[in-house]
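A quick write-up on the structure given underneath.
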Amino acid sequence: MTPITLLIIAVLFTLIGIALGIVTGLIPGVHVNTISFLIVASQAPLILFILKFVSSYDPSVLQILAILSTLVIGCLVTHTFLNFIPSTYLGAPEGETALSVLPAHKLMLEGKGYEAIKASAFGSFGAALLALLLIVPARLIMGPPVNFYDKLVPWIPFILIAVVAALVLQEGKSILDWRPKLVSFGIFLLSGLLGFIILMPRGLYTHNYFPFQQEGVSPASLMLFPLFTGLFGISTLIVSLMDDPELPEQVTEDVDVDLNGKNKLRGVVTGTFSGGLVGWLPGITAAAATAVTKLFSGDEEDEEVHTREYIIAVSAVDTSCAIFTLIALFVILKARSGAMQAVLKINEGNINPWVPLYNMPWLMALLLFSVILASAMGYVLTLYFGKLFSGIHKKIDYRTISKSIIVFLIVLMFIFSGPLGLAIGLISTCVGLIPPSYGVKRVHMMGCLIFPIIFFLLGYEGFLIKLFGL
């Protein structure tokens with residue numbers, strides 16, 4: 001297959017990935033990691049489909065795997081643009097609680113939900129452009145000649161502890177408001193122990209029945225699927241079923257983001273750098289990077305200005321983190337997200353490091369092309385669906401959709417993770433309901449990865465195994 005033909009086919013499959021990103025972005029509870037997992041689990045039939053589609057062009061095995069990888073990237077990048085729409089229009093609280101809600105919900109309750117969407121689209125697209133410009137500097141700093149990542153490795157567990165502390169301390173109305181902080185730390189420990197039990201060397205998967213045996217997917221990964229689905233998927237859908245607020249009509253014509261150029265730029269820069277930093281660390285997601293963004297975003301006296309700048313920064317974090325995890329995959333050969341884990345699995349043994357600088361791996365170049373295409377499409381799609389949702393969100397029967405998705409996810413958990421997967425899904429769903437019940441952030445549940453990573457890196461996993469008789 002010639003490079004031009006490969007590029008054209010990559011465009012087609014990136015567009016299919018973008019279509020999947022629309023689904024994951026607009027439907028709460030369906031995360032890009034779920035789709036990535038399903039792509040890896042269905043890798044064999046997908047490869048056969050691609051082979052049948054492109055067989056006349058005489059593709060190599062590596063080219064077929066690269067085409068499948070563009071599907072994941074298209075979905076990932078598009079998801080980071082569109083996932084702000086349901087978070088704005090769904091789950092908005094009653095008017096009397098507006099002071100304690102997310103910035104996008106504040107604008108939503110004022111009839112300015114579409115302005116929040118435009119600010120989010122600007123932040124994501126600006127972050128995509130800036131992150132692409134920073135590819136070479138990031139490679140020079142984190143890889144040779146500086147090799148900053150290698151120098152950072154011994155400090156990673158302590159950096160993770162510092163991030164956890166920052167997340168916990170940000171809860172509450174003041175530094176002395178200890179109850180939300182205590183609850184947050186408890187959620188971190190609870191989800192952390194749950195994750196540790198699943199990921200420990202003698203994992204629970206050794207005593208499980210798997211209805212769907214899939215080569216190339218580790219049993220531990222199969223058990224992580226119900227864990228994340230319960231913590232962040234089903235629990236979120238259950239909470240959304242409990243809310244049915246009366247929302248005002250939304251303004252969608254002649255809408256501009258009421259913010260000057262300086263604040264827009266600062267939001268993009270802080271979000272991009274925050275997302276870029278955590279993109280290299282294990283267990284840290286874009287949600288955790290938001291805490292870093294909050295520390296460095298402007299402390300404006302005008303709350304309206306701060307609200308809009310914060311929306312831009314948070315959206316920039318999500319897109320930037322996705323792009324930098326891709327860069328990290330080819331610089332340090334580590335997968336720092338579920339989507340990158342999927343790319344690593346698909347191309348197992350064929351991910352070449354970006355060395356020397358002038359010789360970028362062709363697979364990385366192809367995936368970056370998918371990033372550019374998905375970013376451009378994501379921006380346009382966000383504005384389109386943002387305006388569409390502004391007018392029809394009241395007419396959509398999200399309760400029925402949410403219930404259907406819950407049933408669908410439960411079926412998937414059993415198919416891929418067996419009866420033990422259902423048990424883990426039930427327990428993790430109960431844990432996932434705790435943060436919204438106490439008014440704290442869901443990000444503390446990332447302890448399911450951060451907690452075991454800290455203990456594994458420090459070499460203390462044996463202590464916990466003996467302590468809990470595991």
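What follows is calculated from the coordinates using simple rules that are stated; it is not laboratory data. Everything numeric in this text was worked out from a predicted model, so none of it was measured. We place every Cβ from the backbone using ideal geometry, glycine too, and count neighbours over all the protein chains shown.
Please list 436-442, 419-425, 117-123 highest first by mean number of surrounding beta-carbon atoms within 10 Å per residue.
Result, highest mean first: 117-123, 419-425, 436-442.
Seen from all sides and averaged, what is the projected area of the convex hull of the Cα atoms in the chain, in nm²?
Mean projected area for the chain: 22.4 nm², to one decimal.
Among 168-180, 30-42, 317-329, how do they line up by average Cβ neighbours within 10 Å per residue, starting with the highest?
Ranking the peptides 168-180, 30-42, 317-329 by packing returns 317-329, 30-42, 168-180.
How far, in nm, would the chain grow between LEU388 and MET242 when pulled straight, counting 0.36 nm per residue and subtracting the alpha carbon separation?
50.2 nm
Using a 10 Å cut-off on Cβ atoms, rank the peptides 77-85, 58-66, 267-275 from the highest mean neighbour count down.
Answer by packing, highest mean first, reads 77-85, 267-275, 58-66.
Work out, step by step, the length gained on full extension between LEU51 and ASN260: first 0.36 nm times the residue separation, then minus their alpha carbon distance; give nm to one decimal.
Length gained, LEU51 through ASN260: 70.2 nm.
May I ask for the equivalent-ellipsoid semi-axes of the stretch 300-414, computed as the square root of five times each C-alpha gyration tensor eigenvalue and listed largest first in whole Å?
The equivalent ellipsoid of the stretch 300-414 has semi-axes of 33, 24, 14 Å.
Per-residue ellipticity at 222 nm for the chain, helices alone: DSSP H runs ≥ 4 residues times -39500 (n - 2.57), over residue total, nearest 500 deg cm²/dmol?
One gets -22500 deg cm²/dmol as the mean residue ellipticity at 222 nm.
Could you compute the FRET efficiency for LYS334 and ASP58, with r as their C-beta to C-beta distance and R0 at 30 Å, rounded to 0.05?
0.35
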